[in-house]
Amino acid sequence: MDFKATLQISQMIVNELTEGAFVHKMQGLLFKSQGFEKLGQKYLDHYTEEMEWVEKYTNRMLDLGCVPQVKLDKECKLIEDTKAYIEEDLRIQREGVEKLYQIMPTLSCDPTTYDITKAYLADEEEDLYWSEEQLDLIEKIGLQNWLTKQI
């Protein structure tokens, strides 16, 4: 069986997810330094969760006899404004979820990677819904009230 598409997709996910995870870690540290302990911890935990997905995809690539290539070359600036960051993160999540939906049919010939990606997609949708909920909550109770809940 030819796993070329699986390996290309897995490599892309590993690289993009590693970059995103690192940004989440740095944002978490920034938010904690601003006094938003709960929000900061949310993003630090998100980093850990995302790195677990990186590990799953890396192990799958190794199982298929491919040594993953680490390619991180995207510059990312931290965003100090909490609401602006959640809006930007939501935009990125929407793009990512859409991309995952598009690649699912390609993975159908590899049930193992398909199942990993299906679970990862469900996790990403959950994160997307959390961001939507936070922005909706900010709209309903106001930014200052929402920020108070993040301390």
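Any read-out appearing in this document is the output of simple, stated calculations on the displayed coordinates, not a laboratory observation. Since the model is a prediction, treat every value here as computed from it, not as a measurement. Methodologically, a virtual Cβ is constructed for each residue, glycine included, from the backbone with ideal geometry; neighbour enumeration extends over all protein chains shown.
Output ³J(HN,Hα) for the range 119-126: one whole-Hz value per residue in order, computed from phi by the Karplus curve 6.51 cos²θ - 1.76 cosθ + 1.60 with θ = phi - 60°, and x for Gly and Pro.
5, 5, 4, 4, 5, 5, 5, 4
In whole Hz and in residue order, list the ³J(HN,Hα) couplings for the range 80-97 that follow from phi through the Karplus curve 6.51 cos²θ - 1.76 cosθ + 1.60, θ = phi - 60°; x for Gly and Pro.
Calculated HN-Hα couplings, in order: 6, 6, 4, 5, 4, 5, 4, 4, 5, 4, 4, 4, 5, 4, 4, 4, x, 5 Hz.
Let me know the longest stretch in the chain that avoids all trypsin sites (Lys or Arg not before Pro) found in a DSSP loop with at most 11 other C-beta atoms within 10 Å.
That would be 78-151.
Tilt of helix 4-33 relative to the longest C-alpha principal axis of the chain, in degrees (0 to 90, nearest 10)?
20 degrees
Please give the charge dipole size of the chain, origin at the Cα centre, charges +1 on K and R Cβ atoms and -1 on D and E Cβ atoms. Round to the nearest 20 debye. The partial results should precede the final answer.
Numbers: 17 positive and 30 negative charges, 53 e Å.
For this selection, approximately 260 debye.
What is the distance in Å between the Cα centres of the range 106-151 and the range 1-39?
If you average the Cα positions of each part, the centres end up 13 Å apart.
For the chain, which span is the longest to avoid every loop-located (per DSSP) member of GluC sites (Glu not before Pro) having at most 16 other Cβ atoms inside 10 Å?
Counting only loop sites that pass the neighbour cut-off, the longest clear stretch is 1-74.
How large is ³J(HN,Hα), in whole Hz, for each residue of the range 38-53 in order, when computed from phi with the Karplus curve 6.51 cos²θ - 1.76 cosθ + 1.60 and θ = phi - 60°, using x for Gly and Pro?
5, 5, x, 5, 4, 6, 5, 5, 4, 4, 4, 4, 5, 5, 5, 5
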